[in-house]
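Enquirer: Structure below; questions to follow.
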There are 4 protein chains.
Amino acid sequence: MNVTFLGLGNMGNPMARHLLAAGHHLTVFNRTPDRTVALASAGASVAATLSEAVQNAEVVITMLADDRAVLEVTENFIPNMKAGAIHACMSTISPDCSRRLMELHHARGQVYIAAPVFGRPEAAEARKLWVLAAGSARHIETCRPLFEAMGRALTILGDDPARANIVKISGNFLIAATIEALGEAFALVKKSGVEPGAFLEIINGALFNSPLYANYGGIIANQRFDPPGFKLKLGFKDARLVLDAARNAEVPMPLASLIGDNFLSALATGKADLDWSALAQIASERAGF
Amino acid sequence: MNVTFLGLGNMGNPMARHLLAAGHHLTVFNRTPDRTVALASAGASVAATLSEAVQNAEVVITMLADDRAVLEVTENFIPNMKAGAIHACMSTISPDCSRRLMELHHARGQVYIAAPVFGRPEAAEARKLWVLAAGSARHIETCRPLFEAMGRALTILGDDPARANIVKISGNFLIAATIEALGEAFALVKKSGVEPGAFLEIINGALFNSPLYANYGGIIANQRFDPPGFKLKLGFKDARLVLDAARNAEVPMPLASLIGDNFLSALATGKADLDWSALAQIASERAGF
Amino acid sequence: MNVTFLGLGNMGNPMARHLLAAGHHLTVFNRTPDRTVALASAGASVAATLSEAVQNAEVVITMLADDRAVLEVTENFIPNMKAGAIHACMSTISPDCSRRLMELHHARGQVYIAAPVFGRPEAAEARKLWVLAAGSARHIETCRPLFEAMGRALTILGDDPARANIVKISGNFLIAATIEALGEAFALVKKSGVEPGAFLEIINGALFNSPLYANYGGIIANQRFDPPGFKLKLGFKDARLVLDAARNAEVPMPLASLIGDNFLSALATGKADLDWSALAQIASERAGF
Amino acid sequence: MNVTFLGLGNMGNPMARHLLAAGHHLTVFNRTPDRTVALASAGASVAATLSEAVQNAEVVITMLADDRAVLEVTENFIPNMKAGAIHACMSTISPDCSRRLMELHHARGQVYIAAPVFGRPEAAEARKLWVLAAGSARHIETCRPLFEAMGRALTILGDDPARANIVKISGNFLIAATIEALGEAFALVKKSGVEPGAFLEIINGALFNSPLYANYGGIIANQRFDPPGFKLKLGFKDARLVLDAARNAEVPMPLASLIGDNFLSALATGKADLDWSALAQIASERAGF
């Protein structure tokens, strides 16, 4: 398949590589040309401009930072995309932005599907992303070989692209909730003389049995927030997405609000570039540690 | 060992049976004599009075409802316990109550250890309880064969009995936090047209991989709160314990407070006898479902 | 002075009348021409188009619904405004929108000042608005006679127009906080058998001595939310403004978040068109009333 | 009337003086005899023991620190009180404690009424307390001349003494809510460059017109928390009373919970002995100031 990949950051780069390895004709473009060098030597075509990059694509995949970046780039390439071509947006964006993109493409006879992923750069490297796709069923099937080349699982969520985005940001909310809960519990047990790491082993062994609890719990217990796996300021971006979605859907989410306020507190006290699990430090600091 | 077991409810009963099966000399007493019949036919001695029940015990185990019940019963039997005998309190009680019990026993040359457990009646039946013991190390070792007869794991948390209680109630707080988080996330995805069960499968498959998420998530997704596995009014009791411990330790726990308020809301709207995961219904109702 | 007034709703209409009464040359335009009839017979010129309305204005006053309305109308009339003319925006809008408007006008050699007001339609009728002005000091002085014709007080808040908007929305937040606090306190005293009206008299007599507490407290105590003085859905708009400003300024405002979630709950349960003090019903309903 | 006054702190002392000035036969007792010297020279009888202090009293007034102090002292003097004598408890105590006291006195043919007050030591000095009385109507009338000698207003709240305590602690909750709201609003306006004092003048002039807002707002705007008018650790005591009452009445009070957590944060960061309005510092610190 002729595939164009836009957004060659630490997620997009390995994803693009897996597409090449699976035998697709890959075209890339990046404002920072350095990022295309390795892909070019692995067989990707490097386009000189964004317009050139998309003109022959059957599928354009975008893996960009946020709503604004996706909208800006899409508005730039959309006039050059073929009618009938598919834009699969794999970024974590708002449901509203997804609906807007669908309208933009629809107006030109193009197809939009949302396909955000669960998984960090390590998972992207290891082809272990979990892809959540929503939009036209037929066109998701067209993209299936691409998604399967990049990930370990594909879940299809129906016709409305926004649903995939809602599921993605709700998943991130659940992780943030785990961080907040661990932060508060650790503050309590620490003040009572129990070592957080010991507490974590017990509650994970006896109750959760979850690698995610082991992972985040371990980072928080050891206060090992630097270097960051996922920066707090990006975690805040996702927290905002869920708060905005809750607002639009008229769903009160007091725990999401609590997390949002703790993110603001973390930003205001200089934690923007730490790992997002440093959110748990707020509970610790408020307890006087 | 000569062991006396007080509190033959749906937790205590199977626990007592496992002690018998392990070959201990078990004495039981219950205000409702019916509960002792099966144990008697399995070999337990049934005492006629509380005083008689404890007088020859090397270890007295209590598995009673709450602080008040444990204090009342203990005040009644303490004059008849031998000096040097051990009271192992396995109920979920407050750290303060644990400290008070330690003082009461200490004043009479007796020993108090806290040994609360993670696990529901099914786990008690299956000898899968996780025992958290704190208090005198030597006397915990004395009790070790008893704990091992009843559970799959024993964690020792140091000299201060209150620590075991803090760990127990903090663990319950983490489960309640999971319920609250799932309740909010389900409300959001449902209003967006995503089926909660499908959402749960995704986030547990992609993120948590936790049987506890599968279990509670499943109950909440299917709104199957009756019959209850653990009644909401008892869940509220535990929520109060963690809030009181946080207050005493000067640890702000806003998520625990949020959960406490949602429990009150659940009680005030007639959910006391549903499963405690009906806490998640508050988010759903507030979203207009 | 040549003044153009745009936005002749239940606030703008009496404000425009006061300007006429003070002897200014007033031009009006409204998409719903009916609204201009009374003003025309009182001496206002009615423009046929928005462009015509602003072309000779020394000062253009806008009193429109929200950010979107102000931006849309301003983008339409800005090409026809004279260089050096002043746009005084008296709506309750976001600080960000205010900054954006300042840039738009600045780029054309025009002047923007923010001048939101405290006061409802009755206060507008009675010339009792409190005007908060921010922007170029010299141009605020130019507008002073206009503001004084419409209100009882004018406070000047410096060069940055956004500050006036921050003060306005923070004031509204404080009222919403009062409503929330009264709602919770009333729920508690009611469940204890104390009549809310009696409670209100005591706490206002003994503590607050505030007409605002008497007013909102009276509405809430009597649950007299219909007809609305200020609709709940508009109150929610203001709650969103303060939450967004808090987010942009990195200021955690947990009480504002709590209010925001209760507004969502009120919207989701059909209270959009009641008085915004029906926010207090959430506490009442959650207590089982 | 023969009146005994117990609890001669900075509230009780001026209250006792007003009773003397109104011509009542006053008996006092204090563990710290120094506190009785001035009252003795103004005409009060000083009893040598608590028992002696109450034995001839028609009315015993207590003005003590908290539930525990009131219960302890009452249990000591109750055997020596005459049948038919009245205990008027004017402290800020819990509704539960009030009910317990009523039972204790009832069992001995004595009368208990709750009569907490709004007002600080300055108000006590100036005879400006506001008395909230609840209990037997007839016996409140007996005490009326005493209450009128000490305060400017008396509100009667019915037969159940606990109601007076609920009203008192709910009033204190409303003040704490004002402090929290001002703290958050000040943090937002400050970060936007508006001086808190200026903001306060506007919102109090335009909206609240309340001396209480002027007073607390002024303290917070100027961060003048030392010396304290009312210590934060005592404010926390009252916050706990309202949270406990809400819990017992099954009334979710999320704003009270938020305040409770901020009090814990204030205690954990060394603010126990500042004025209780230092609660507002939490919002300021969390915003990075």
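The values are calculated or read from the model by the stated rules, or taken from the named source; none is laboratory data. Note that the coordinates shown come from a computational prediction; the quantities given were computed from them, not determined experimentally. Note that each Cβ is placed from the backbone with ideal geometry, even for glycine, and that neighbours are counted across all protein chains shown. Each accessible area value is taken on the protein alone, full model and side chains, heavy atoms only, with ligands, DNA and RNA left out. Shrake-Rupley method; radii C 1.70, N 1.55, O 1.52, S 1.80 Å.
Enquirer: So which residues in the stretch C:237-248 are in contact (Cβ under 8 Å) with a residue 12 or more places away in the chain and over 13 Å from C:Ala65 (Cβ atoms)?
Expert: C:Ala239, C:Arg240, C:Val242, C:Leu243, C:Asp244, C:Ala245, C:Asn248
Enquirer: Looking at (1) more than 9 Å from chain A (Cβ to nearest Cβ); (2) surrounded by fewer than 24 Cβ atoms within 10 Å (Cβ to Cβ), can you tell me which one B:Gly158 breaks?
Expert: Against the list (1) more than 9 Å from chain A (Cβ to nearest Cβ); (2) surrounded by fewer than 24 Cβ atoms within 10 Å (Cβ to Cβ), B:Gly158 comes up short only on (1).
Enquirer: Name the single residue, out of those in the stretch D:274-289 being of a type in the set (D, E, K, R) and in contact (Cβ under 8 Å) with a residue 40 or more places away in the chain, that is nearest to D:Phe186 (Cα to Cα).
Expert: D:Arg286
Enquirer: Still on this structure, I have one more. Report whether or not B:Arg120 is within 14 Å of another protein chain (Cβ to nearest Cβ), at pLDDT below 95, surrounded by fewer than 17 Cβ atoms within 10 Å (Cβ to Cβ) and in contact with a Phe, Trp or Tyr (Cβ under 9 Å, 6 or more places away or on another chain).
Expert: Here the answer is yes, as B:Arg120 does meet what is asked.
Enquirer: Here is a further query. Residues that are within 24 Å of D:Met11 (Cα to Cα): find the helices (runs of 4 or more DSSP H) completely inside the stretch D:179-289 holding 1 or more of those.
Expert: So the answer is D:211-221, D:232-248, D:254-268.
Enquirer: Let me ask you something else. Looking only at residues in the stretch D:230-267 that are of a type in the set (Lys, Arg) and either in contact with a Leu (Cβ under 8 Å, 6 or more places away or on another chain) or at the interface with another protein chain (Cβ under 8 Å from one of its Cβ atoms) (or both), which one is least open to solvent (accessible area, probe 1.4 Å)?
Expert: In this case the residue turns out to be D:Arg247.
Enquirer: Anything in the stretch C:229-256 that is within 19 Å of A:Ala272 (Cα to Cα) and either of a type in the set (Lys, Arg) or touching a Phe, Trp or Tyr at 6+ places or on another chain (Cβ under 7 Å) (or both)? List them, or say none.
Expert: C:Arg247
Enquirer: Name the residues in the stretch A:16-32 that are farther than 13 Å from A:Gly43 by Cβ and in contact with a strand residue (DSSP E or B) (Cβ under 7 Å, 6 or more places away or on another chain), would you?
Expert: A:Phe29, the sole residue that qualifies.
Enquirer: Does at least one position in the stretch B:268-279 carry a residue that is over 21 Å from the mean Cα position of the chain (by Cα), hydrophobic (A, V, I, L, M, F, W, C) and within 14 Å of chain C (Cβ to nearest Cβ)?
Expert: Yes - at least one qualifying residue is present in the stretch B:268-279.
Enquirer: Of (1) more than 17 Å from D:Val167 (Cα to Cα); (2) touching a helix residue (DSSP H, G or I) at 6+ places or on another chain (Cβ under 9 Å); (3) within 13 Å of chain C (Cβ to nearest Cβ); (4) not hydrophobic (A, V, I, L, M, F, W, C), D:Gly205 satisfies all except one. Which?
Expert: (2)
Enquirer: Within the bounds of the stretch A:107-117, is there any residue that is in contact (Cβ under 8 Å) with a residue 24 or more places away in the chain, more than 10 Å from every other protein chain (Cβ to nearest Cβ), within 20 Å of B:Ser192 (Cβ to Cβ) and of a type in the set (Ser, Thr, Tyr)?
Expert: Within the stretch A:107-117, one or more residues are in contact (Cβ under 8 Å) with a residue 24 or more places away in the chain, more than 10 Å from every other protein chain (Cβ to nearest Cβ), within 20 Å of B:Ser192 (Cβ to Cβ) and of a type in the set (Ser, Thr, Tyr).
Enquirer: Let me ask something else about it. Is it true that some residue in the stretch D:22-40 is of a type in the set (Gly, Ala, Ser) and farther than 19 Å from D:Gly151 by Cβ?
Expert: Taking every residue of the stretch D:22-40 in turn, at least one turns out to be of a type in the set (Gly, Ala, Ser) and farther than 19 Å from D:Gly151 by Cβ.
Enquirer: Turning to a different aspect of this structure: Given B:Val70, B:Val37, B:Val59, which one is over 25 Å from B:Ala239 (Cα atoms) and touching a helix residue (DSSP H, G or I) at 6+ places or on another chain (Cβ under 7 Å)?
Expert: It is B:Val59.
Enquirer: Another question about this same structure. Give all pairs with beta carbons closer than 6 Å in which a residue from the stretch B:10-21 that is assigned to a helix (DSSP H, G or I) meets a residue that is open to solvent by 40 Å² or more (accessible area, probe 1.4 Å); count only pairs at least 6 apart in sequence or on separate chains.
Expert: B:Pro14/B:Glu125; B:His18/B:Arg127; B:Leu20/B:Ala42; B:Leu20/B:Gly43
Enquirer: Checking the structure you have, find out if any residue of the stretch D:185-200 is at the interface with another protein chain (Cβ under 7 Å from one of its Cβ atoms), modelled with pLDDT of 95 or more, under 26 Å from C:Ala214 (Cα atoms) and in contact with a Pro (Cβ under 6 Å, 6 or more places away or on another chain).
Expert: no
Enquirer: Pick out the one residue from B:Ser257, B:Ser192, B:Ser210 that is farther than 30 Å from A:Ala164 by Cβ and among the hydroxyl-bearing types (Ser, Thr, Tyr).
Expert: Among B:Ser257, B:Ser192, B:Ser210, only B:Ser257 is farther than 30 Å from A:Ala164 by Cβ and among the hydroxyl-bearing types (Ser, Thr, Tyr).
Enquirer: While we're on this one: Quickly run through the stretch A:82-100 and pick out the residues that are open to solvent by less than 50 Å² (accessible area, probe 1.4 Å), touching a residue at least 40 places away in the same chain (Cβ under 8 Å) and either assigned to a loop (DSSP other than H, G, I, E, B) or within 14 Å of chain B (Cβ to nearest Cβ) (or both).
Expert: Result: A:Met90, A:Ser91, A:Thr92, A:Ile93, A:Ser94, A:Pro95, A:Ser98.
Enquirer: For the stretch C:1-28, name all the residues that are open to solvent by 40 Å² or more (accessible area, probe 1.4 Å) and modelled with pLDDT under 95.
Expert: C:Met1, C:Asn10
Rundown of residues vs (1) of a type in the set (Ser, Thr, Tyr); (2) closer than 22 Å to D:Met1 by Cα; (3) assigned to a helix (DSSP H, G or I), yes/no style:
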{"residue": "D:Leu104", "(1), (2), (3)": "no, no, yes"}
{"residue": "D:Trp130", "(1), (2), (3)": "no, yes, no"}
{"residue": "D:Ile140", "(1), (2), (3)": "no, yes, yes"}
{"residue": "D:Cys143", "(1), (2), (3)": "no, yes, yes"}
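Enquirer: Turning to a different aspect of this structure: Among what's in the stretch A:163-204 and is out of contact with any strand residue (DSSP E or B) (no Cβ under 7 Å at 6 or more places or on another chain), within 15 Å of B:Leu188 (Cα to Cα) and of a type in the set (Gly, Ala, Ser), pick the residue that is surrounded by the fewest Cβ atoms within 10 Å (Cβ to Cβ).
Expert: Here the residue is A:Ala177.
Enquirer: To continue, here is another question. Somewhere in the stretch A:44-60, is a residue within 22 Å of A:Lys168 (Cβ to Cβ) and either assigned to a helix (DSSP H, G or I) or open to solvent by less than 40 Å² (accessible area, probe 1.4 Å) (or both)?
Expert: So far as the stretch A:44-60 goes, yes, one or more of its residues are within 22 Å of A:Lys168 (Cβ to Cβ) and either assigned to a helix (DSSP H, G or I) or open to solvent by less than 40 Å² (accessible area, probe 1.4 Å) (or both).
Enquirer: So how many residues does the stretch B:130-153 have that are crowded, with 19+ Cβ neighbours inside 10 Å and touching a Phe, Trp or Tyr at 6+ places or on another chain (Cβ under 7 Å)?
Expert: 5
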